[in-house]
Amino acid sequence: MNIRVFVASTFLSVALFGCGAGKNKANDLAINVPIASHIDLSKVTDDKAPVTINPGRFTTETVTYRLPRVIQGTYSVSDFGKYVDDFKAIDYDGNELKVTKVDTNTWTIENAKALDKITYYVNDTYDIETKGGIGGEEPFSPSGTNIEPENYVLNLHGFIGYFDTLKNNQYKLDVTAPADFVRTSALQNVASKTSDDNKFVTTSYAAPRYFDVTDNPMMYGNLDVEEFQVGDIKIVLSVYSPNKIHSAASLKETIFKMMQAQKAYLGDVNTTPRYDIYLYLSEGKEDSPKGFGALEHHTSTVVVLPETMDEEALAESMIDVVSHEFFHIVTPLSVHSEDVHYFDYDTPTFSKHLWMYEGVTEYFATLFQVDQGLVTEDEFFAKIMEKIQMSRRYNDAMSFTIMSENILKDPYKNEYINVYQKGALIGMCIDILMREESNGNRGILSLMKELSNKYGKNKPFEDDKLIAEITAMTYPSVGEFLNTHVVGDLPINYNDFFEKVGLEIGDAKIETNYIMMNGAPIVSGDGQKGTIFFTDAVLENSFWAENGARPNDVIKTINGTNLTMMNANQVLQEVFMWKPGKEIDVKLDRNGEEVIIKTTTTQPYTMGKGLIEKEGATDEQMALRKAWLKG
């Protein structure tokens with residue numbers, strides 16, 4: 001599982017069985033006995049869902065139960081235990097056993113031989129988020145939970161925990177919900193039972209071990225679902241749009257074309273027979289989720305994006321975000337370290353190779369679009385240039401392997417978002433090097449296929465040996481690059497690599513954005529006054545300059561919405577996604593005078609650094625570029 005943060009503005013801080021029956025008394029610690037768990041959505045009270053855990057009979061005096069502190073792919077602390085209330089351990093006579101809360105996520109139960117079941121209530125995370133898990137110790141929205149009458153986002157790590165010694169036991173999960181709810185899950189459905197009054201249905205699922213519980217989210221409620229085939233993969237697209245602005249049907253063609261292109265790009269890489277996409281569209285209210293992006297699981301992804309995005313912007317975001325998540329079937333699904341394979345949800349250790357898990361995955365999500373003709377070469381070059389500019393907002397002289405291994409600690413945790421910027425550029429450099437060394441025949445996709453064939457999803461690699469192994473599988477130049485710029489801390493001179501393909505970074509008139517330009521925002525905030533205003537950079541943005549915006553103009557309203565420090569994330573993310581041809585109405589305050597910009601958006605341009613054709617590029621350089629961009 002991995003995370004893809006949707007960067008929209010610097011205001012994101014990223015710029016982002018019956019109880020007691022049938023128990024096996026002979027087992028030492030309930031070995032091989034399925035842990036029966038039940039989430040009852042028919043008895044939700046105050047946004048809290050009751051959960052019951054029936055582990056089987058223990059033969060030890062004390063047991064420990066936990067909810068995850070950290071989940072795979074988020075690289076941050078979530079503390080799902082803090083959303084648990086009224087935790088109780090009940091014996092076979094219905095009496096409460098002594099429970100000690102050890103820390104936020106951990107409970108120890110005494111006299112465990114008498115333990116029949118555990119009960120507790122789970123609060124959802126969406127309506128109490130502050131930043132959506134961006135820059136704080138709370139779940140990133142796509143990893144969070146939602147409990148509301150019309151929709152339930154069941155990231156199961158937020159509801160179901162584990163006993164320290166029983167993470168490899170099977171789980172049987174029952175979910176009771178109103179009979180008219182649409183329900184989607186990739187977990188194996190083993191049974192279904194309707195209540196006597198026909199109002200509720202209890203669906204039973206099976207999971208081989210706790211990992212599979214956490215790796216298979218669900219969505220229940222008033223959903224819109226489309227199922228379709230892309231080659232040999234069944235795609236299940238589940239959409240919750242509170243105000244019915246978007247639908248699964250409206251996104252189906254976009255997802256189909258994207259997945260079809262990804263399958264063509266990957267070629268013979270082993271994939272999955274089913275892939276689920278769960279899209280929650282946020283209304284932008286105070287109690288709505290605020291962390292936009294996606295959380296990747298091995299065969300699914302949970303996406304949270306603003307509902308107010310227009311159809312074109314939403315389609316573009318889904319391509320960028322979901323394509324990244326789908327490419328995780330290569331890494332870490334098929335290529336991963338022991339840290340990933342034997343993940344500890346309480347005190348995890350982290351691999352040194354985030355540059356590969358996230359960086360190479362992001363590179364694939366960018367490169368496949370030009371390889372398959374979804375974008376032009378110029379559009380691809382603009383994305384690469386944007387990543388270079390964004391990467392320079394982070395520490396360019398920091399070892400990527402040290403950063404990865406220490407990602408929960410200062411100062412490294414604040415550098416995490418750079419894995420999607422510099423990490424992708426590291427993938428690009430390796431790709432160009434391999435194309436050069438092999439006369440265009442091999443690239444980084446070839447390398448990942450070879451690693452996948454060697455390891456696969458059930459065999460982890462040794463973290464400390466990966467660089468040497470990649471060097472042996474490729475070329476000395478690749479090993480030198482990795483040891484110098486990834487293990488080492490020497491910044492990369494990207495022009496050295498662009499020269500190989502007849503390109504260079506130079507001055508150019510480039511397409512830009514309505515709120516971000518050359519990797520930096522054109523607005524700032526006054527914390528004391530609580531206002532957002534244009535910076536001097538607004539004069540360099542052709543759209544705003546031509547429509548009369550000036551430095552220090554305070555932005556009062558955008559399309560009828562008052563802009564404040566509190567809602568800047570939401571509103572400016574929407575501006576970030578504007579496209580040419582959109583009708584806008586912006587009210588500014590210029591030294592007490594109201595200035596109104598009511599117009600139709602046109603493509604904004606600016607002068608800046610771009611990736612351009614190198615004068616006198618040779619036929620050899622042009623051929624290498626073709627091999628790079630078109631495989």
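The values are calculated or read from the model by the stated rules, or taken from the named source; none is laboratory data. What you are looking at is a predicted structure, and each value in this text was computed from that prediction instead of being measured. Every residue, glycine as well, gets a Cβ built from its backbone with ideal geometry; the counts of neighbours run over all protein chains shown. Side chains are part of the model used for accessible areas, which takes the heavy atoms of the whole protein and leaves out ligands, DNA and RNA. Shrake-Rupley method; radii C 1.70, N 1.55, O 1.52, S 1.80 Å.
Details
- Tabulated pairs, segment 94-123, first within 24 Å of residue 47 (Cβ to Cβ), second open to solvent by 50 Å² or more (accessible area, probe 1.4 Å) and β-branched (Val, Ile, Thr), C-beta under 8 angstrom, 6+ apart or interchain: 107/100; 121/45
- Strands (runs of 3 or more DSSP E) (entirely within segment 258-306) containing at least 2 residues that are in contact with a Phe, Trp or Tyr (Cβ under 6 Å, 6 or more places away or on another chain): 300-306
- Segment 428-443, residues that are outside any loop (DSSP other than H, G, I, E, B) and in contact with a Ser or Thr (Cβ under 9 Å, 6 or more places away or on another chain): 428, 430, 433, 434, 436, 437
- Long-range neighbours under 6 Å by Cβ, at least six apart or interchain, first residue assigned to a helix (DSSP H, G or I) within segment 488-511, second open to solvent by 60 Å² or more (accessible area, probe 1.4 Å) and β-branched (Val, Ile, Thr): none
- Test result for residue 387, of a type outside the set (A, V, I, L, M, F, W, C) and over 19 Å from residue 350 (Cβ atoms): yes
- Leading residue by the ranking (nearest to residue 166 (Cα to Cα)) among those in segment 181-210 that are hydrophobic (A, V, I, L, M, F, W, C) and surrounded by fewer than 18 Cβ atoms within 10 Å (Cβ to Cβ): 206
- Residue ID - surrounded by the most Cβ atoms within 10 Å (Cβ to Cβ), chosen from residues in segment 536-562 that are among the polar types (S, T, N, Q) and closer than 28 Å to residue 293 by Cα: 541
- Flag for residue 277 being touching a Lys or Arg at 6+ places or on another chain (Cβ under 9 Å), at pLDDT 95 or above and open to solvent by less than 20 Å² (accessible area, probe 1.4 Å): no
- Contact map, segment 589-616: residues that are under 23 Å from residue 516 (Cβ atoms) paired with residues that are at pLDDT below 95 and hydroxyl-bearing (Ser, Thr, Tyr), Cβ distance under 7 Å, separation 6+ or inter-chain. Pairs shown: 604/512; 605/512; 606/512.
- Of everything in segment 289-308 that is closer than 26 Å to residue 572 by Cα and open to solvent by 10 Å² or more (accessible area, probe 1.4 Å), the residue that is farthest from the chain's Cα centre (by Cα) is 308.
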